[in-house]
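A short write-up of the structure that comes next.
The values are calculated or read from the model by the stated rules, or taken from the named source; none is laboratory data. All values derive from a computational prediction rather than experimental measurement. Reconstructed Cβ throughout: ideal geometry from the backbone, glycine too, with neighbour counts over all protein chains shown. Accessible surface is based on the protein model in full, side chains and every heavy atom, while ligands, DNA and RNA are left aside. Shrake-Rupley method; radii C 1.70, N 1.55, O 1.52, S 1.80 Å.
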Amino acid sequence: MARVPLPERGQPLDVSYIYSLAQAINDMAVAVSDTSQNYSKINGQSLRTSDARIVAITQQVVSGEDAKAGNITNGVYDFEHEFKYPPVVTISPVNVGRNDEGANVTVSIKEVTTSRVEYGVRYNSTGTLSVSVNIIAIGVPN
């Protein structure tokens, strides 16, 4: 896409400069046109992909702690900005400690609201582990 040079202070805006501005705006309009490929469907609602809100974050759950099989650590992530409707959320564990105990965990989502997600991490074996979770939320902005 062509870049329009910035005018110098005090430079008169002539027809050729205004033409360059209009051409750059038209080029940008073509680049982001409303085609079907630019739309996403979130929970049955169709909207432009550029209008969707996507949140992706890694959150530490435990770091070098002893865990017993069957125990659950609860976690909460508050979204910085509220969604219009509860977003679609996925949470996956990350074995930060790279050991067998950290690889043997289960994450379950307890509740998703427009402003937060609550989840639990269940330890399926006993040992010292370090675990994080990757949280991805996709939804309609408020």
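Inspection of the stretch 5-16 identifies no residue that is without any contact (Cβ under 8 Å) to a residue 60 or more places away in the chain, more than 30 Å from GLY97 (Cβ to Cβ), in a strand (DSSP E or B) and of a type in the set (S, T, N, Q). Candidates are the residues of the stretch 87-120 that are of a type in the set (Ser, Thr, Tyr), in a strand (DSSP E or B) and closer than 24 Å to ILE54 by Cβ; the one that is farthest from the chain's Cα centre (by Cα) is SER108.
Which of the residues that make up the stretch 103-121 are free of Cβ contacts under 8 Å to residues at least 40 places away in the same chain, of a type in the set (Ser, Thr, Tyr) and either within 23 Å of GLY70 (Cβ to Cβ) or surrounded by 15 or more Cβ atoms within 10 Å (Cβ to Cβ) (or both)? Lay out the reasoning, then the answer.
In the first step, residues of the stretch 103-121 are kept if they are free of Cβ contacts under 8 Å to residues at least 40 places away in the same chain; the result is 103-115.
Applying the additional criterion that residues be of a type in the set (Ser, Thr, Tyr) yields 106, 108, 113-115.
Hits for the stretch 103-121 are THR106, SER108, THR114.
For (1) open to solvent by 60 Å² or more (accessible area, probe 1.4 Å); (2) in contact with a Pro (Cβ under 9 Å, 6 or more places away or on another chain); (3) at pLDDT below 85, each residue gets a yes or a no:
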{"residue": "GLY10", "(1), (2), (3)": "yes, no, yes"}
{"residue": "LEU13", "(1), (2), (3)": "yes, yes, yes"}
{"residue": "ILE18", "(1), (2), (3)": "yes, no, no"}
{"residue": "GLN45", "(1), (2), (3)": "yes, no, no"}
{"residue": "THR58", "(1), (2), (3)": "yes, no, no"}
{"residue": "VAL61", "(1), (2), (3)": "no, yes, no"}
{"residue": "ALA67", "(1), (2), (3)": "no, no, no"}
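Residues of the stretch 20-31 that are among the small types (Gly, Ala, Ser), surrounded by 10 or more Cβ atoms within 10 Å (Cβ to Cβ) and in contact (Cβ under 8 Å) with a residue 12 or more places away in the chain: SER20, ALA24.
Taken as a whole, the structure places ILE136 among residues that are surrounded by fewer than 17 Cβ atoms within 10 Å (Cβ to Cβ), in a strand (DSSP E or B), among the hydrophobic types (A, V, I, L, M, F, W, C) and touching a residue at least 24 places away in the same chain (Cβ under 8 Å). If you take the residues in the stretch 69-86 that are over 17 Å from the mean Cα position of the chain (by Cα) and assigned to a strand (DSSP E or B), which one is surrounded by the fewest Cβ atoms within 10 Å (Cβ to Cβ)? Once the filter is applied, the top-ranked residue is ASN74.
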